[in-house]
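Enquirer: Take this structure, written in structure tokens, and hold onto it; I'll ask about it next.
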Amino acid sequence: MKTWKVIVALLALWLLIMIYMSNTVFQPSEGNEVLERELKRTLRELDKLKAQNEEFQKLAKDIRKLSQGTRLSPGGRGGESESEKVRDLQEKLDKMSEQLQNQERGGQGQESQGQARTTGPGEPSKDHEVAQRRVENTATEYWYYVRHQLLNLKNEASGNTQLVSHIDKMLGNCQGYQRTLNSDFLKLKSVDGMDEWRKKESQELTNLVQRRFHYLQNPKDCSNAKKIVCNLSKGCGYGCQLHHVVYCMMVSYANSRTLILESKGWRYAAAGWESVFQPISNTCTTKTGTSSVFWKDPKTIEDVQVIEMPIIDSLHPRPDYLPLSFPKDLSDRLLRLHGDPTVWWIGQFIKYLTRPQDHLKQELERAKQKLGFTGPIVGVHIRRTDKLAAEASFHSVAEYMTYVEDYFSALELRNPGVQRRVFLASDDPTALPEAKKNYPDYTFISDPSATLSAGLNRRYSDESLRGVILDIHFLSLCDHLVCTFSSQVCRVAYEIMQTMHGDASHNFKSLDDIYYFGGQNGHSVEAVEKHVKQNEKEIDLEPGDLVGIAGNHWDGYSKGMNHRTGKTGLFPSYKTREKYTIVDLPTYPEVSEGG
């Protein structure tokens, strides 16, 4: 009887796999080539299942004979006893069961859970994509180094007009080489439909993650659900507060807890988060529970129903899943797809949290029509006022426009005669008139009311909230972004940008900081080449050294501390690579990739 239960279970499992494969075949896909690849893959799987079914039928027939007391037909090893044949059958049955279970787990792990999948026809390998991005990064760092060195020589030769003229020609020629390289890298990314593959892969991963968020945030029984409570009273600007909620939701996701956002009396909108964005939950909005504590050692609060979160800077102990980490179950696909998986991951949280209410969606569309917003377009964000007092240096409009010109000059190699358009967002009302005056060949579009509402005397108001949301929205829609990563607004726009493209990790230029998330865990790079310091400002590197990075000087050098030696200083950026923090997080098996 037990044997027949095993047989029935295996047949049911086989049937489920057949139903799954048939659903895969008839799912709509993008383009005939994708459909053809899916059909071929499905046919191969069906052939495997057919062979397994035939073997299974033979085993079932032999087992049926045994149950009826009939002797098995001759076969197998000569002189094999009846009991040995039974054991042989049992081994085959166990092997078949294991194969089917592995197939089921493989389908769940790869398709439903978004784990690493075998590279299909017409798709790039992870090694190929990582190597290609490495070459592009090295070429960029080389240009930074050459440009910086030539500018230094020009300054030293200021009294020699002939030499200065020669250096200017060298700078122009080198810039031409760099422009062509950038154009060629963009072409390379789209060869054989790779650009379309990236868009499709990014969209599939986005859909999976967004469904996981929806599942987590909408428990069937809120009264028994475990919760994380986040209060939107952090004393900082909109971008900073948004990142605070992102951090809270990351903790929720890592602990399989529903996020409860307390936002009534929000300094930007007293009615709360839901006055502009959709509720983060439709089924669970109260923090009531049988037990409640403030955050402490996670091992001691696993059974507590409600956990109240501090701001990220006060969090202790600090879990490894804080930024700049990303989940292990998505890591292979993200590393193949994206140049900065961390930013992609953070962007997914912002995408969920800032889904606009209908009235905001309509206002964004009206603003787009009014501005005449269309591409190709570069977004420029010039943050001054309060930032200049403590967090950032002054950067002239000309500094920003240098990189805008670089972008359009490279674009014109592929699209001659392209109209040069810039969306300019700033809290300084003098920035737009200055840009229009000094760059008459460009079309500048901007929202003056957003600029005025960003002033310090009107920073926290409904009008200011509308302005910053519009600025971030349009900056994220741009093809390229020039800004300062010391600004939260700039970083939020960059994060959202990643959810709209296959890989937009290179679609920016920061005039100051590298990307960071306020309150993040340590950010390290790994040395891939030996470096012997050439002056007292530099540090030595050995392959494998981990360096806590403080910043990129955009001159071919970065600054950081070698954890092996404890020394802090400069090192050539190209001699290191990113050291990713990949962490085990819940995979939410209840949510499938197909929907």
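Enquirer: Take the Cα coordinates of region 291-341, assign each an equal point scatterer, and use the Debye formula without solvent to give log10 I(q)/I(0) at q = 0.15, 0.27, 0.29 Å⁻¹.
Expert: -0.58, -1.00, -1.09
Enquirer: Quick one: grab the alpha carbon gyration tensor of region 258-347, order the square roots of its eigenvalues as a ≥ b ≥ c, and give me rounded if a/c is under 1.5, else prolate or oblate depending on whether a/b is larger than b/c. Let's see the in-between values first.
Expert: Working: a/c = 2.01, a/b = 1.28, b/c = 1.57.
Judged from the Cα gyration tensor, region 258-347 comes out oblate (a/c at least 1.5, b/c at or above a/b).
Enquirer: Hey, could you pull the Cα Rg and Dmax for region 467-595, both in Å?
Expert: When restricted to the Cα atoms of region 467-595, Rg and Dmax are 17.9, 58 Å.
Enquirer: Per-residue counts of other Cβ atoms within 10 Å, averaged by peptide: what ranking do you get for 472-485, 422-435, 185-198, 526-539, highest first?
Expert: Top of the packing list down: 472-485, 422-435, 185-198, 526-539.
Enquirer: How high is the relative contact order of region 171-304? Use alpha-carbon pairs under 8 Å, at least six apart in sequence, and give a whole percent.
Expert: 23
Enquirer: Which whole-number value in Å² is the accessible area per residue of region 254-351, probe 1.4 Å? List each step's numbers first, then the result.
Expert: Details: 3970 Å² over 98 residues.
Accessible surface, normalised per residue, equals 41 Å².
Enquirer: Beyond 18 Å, what share of the Cα-Cα pairs of region 210-314 is found? Please give it as a whole percent.
Expert: Counting pairs separated by more than 18 Å, the tail of P(r) holds 46 percent.
Enquirer: With point charges of +1 on the Cβ of Lys and Arg and -1 on the Cβ of Asp and Glu, referenced to the Cα centre of region 435-563, which listed residue (Ala527, Phe474, Ile549) lies farthest in the positive direction of the dipole?
Expert: Final value for the positive-end residue is Phe474.
Enquirer: Would you kindly calculate the mean projected area, averaged across all directions, of the convex hull enclosing the Cα atoms of region 252-297, in square nanometres? Can you show the working numbers first?
Expert: On the way: hull surface 18.0 nm².
For region 252-297, averaging the hull's shadow over all directions gives 4.5 nm².
Enquirer: Per residue, what accessible area does region 496-568 have, given a 1.4 Å probe and all protein chains present, in Å²?
Expert: 46
Enquirer: In region 223-374, how many lysine pairs have Cα atoms under 24 Å apart, counting only pairs 8 or more places apart or on different chains?
Expert: Summing the qualifying lysine pairs gives 28.
Enquirer: Translational diffusion coefficient of region 119-227 at 4 °C, 1.567 mPa s, Stokes-Einstein with Kirkwood Rh over Cα pairs, in µm²/s as a whole number. Let's see the in-between values first.
Expert: Values: Rh = 18.6 Å.
Using the Kirkwood radius from Cα pairs, D works out to 70 µm²/s.
Enquirer: Report the local net charge at Asp471: Lys and Arg +1, Asp and Glu -1, summed over other residues whose C-beta lies under 11 Å from its C-beta. Could you put the intermediate results ahead of the total?
Expert: Working: positive: Arg383, Arg466; negative: Asp427, Asp447.
Residues close to Asp471 contribute a combined charge of 0.
Enquirer: With the calculation restricted to Cα positions, what are the radius of gyration and Dmax of region 328-443 in angstrom?
Expert: 18.0, 51
The values are calculated or read from the model by the stated rules, or taken from the named source; none is laboratory data. Every value quoted in this text rests on a predicted model; they were computed, and no experiment measured them. All Cβ positions, glycine included, derive from the backbone under ideal geometry; neighbour counts span all protein chains shown. These area figures cover heavy atoms from the full protein model, side chains too; ligands, DNA and RNA do not enter into them. Shrake-Rupley method; radii C 1.70, N 1.55, O 1.52, S 1.80 Å.
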